[in-house]
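Okay, structure first, notes after.
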Amino acid sequence: MPAVRRFMGKGAHVRYIDMSEACRKRGNCSRNTIYLEVANGALPAPFKIGQRNFWLEHEFDAALVSLAERAKGQTTNQAA
């Protein structure tokens, strides 16, 4: 199922992503990996709409960038 969009005001919108989209963005990882990274603070906590979990796309994407930078830093430190 595609991500859900909610529109707010003059052309601005907030995009929500569901678990399947979160797993896809994280490199086709499992749901368990997402929940472990949420528990470790690497990814933001989801919020519920009904029975389903969602993330704000911009927050999730920012966390992925942070994870990539952290991994890049660890690789650089190990090579030195």
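Kindly sort Val65, Val38 by accessible area of their heavy atoms, largest first, with the probe set to 1.4 Å.
Values: Val65 80, Val38 35 Å².
The residues order as Val65, Val38, largest area first.
Can you give me the % of accessible surface on the stretch 32-76 that is carbon or sulfur? Probe 1.4 Å, all protein chains present, nothing else counted.
Whole-percent figure for carbon plus sulfur exposure: 57.
For Leu43, Leu56, Leu36, write out the residues from largest to smallest accessible area, computed with a 1.4 angstrom probe and no ligands counted.
Leu36, Leu56, Leu43
Label Arg31 and Leu67 with points 7 Å out from Cα along Cα→Cβ: what is the distance between them in nm?
1.7
So what's the Cα pair-distance distribution over the stretch 21-64, bin width 10 Å, in %?
The distribution over the stretch 21-64 is 28, 64, 8, given as percents.
The values are calculated or read from the model by the stated rules, or taken from the named source; none is laboratory data. Keep in mind that this is a model prediction, so the values were computed, not measured. Cβ coordinates were reconstructed from backbone atoms using ideal geometry, including for glycine residues, and neighbour counts include every protein chain displayed. Side chains included, ligands, DNA and RNA excluded: accessible areas come from the protein's heavy atoms. Shrake-Rupley method; radii C 1.70, N 1.55, O 1.52, S 1.80 Å.
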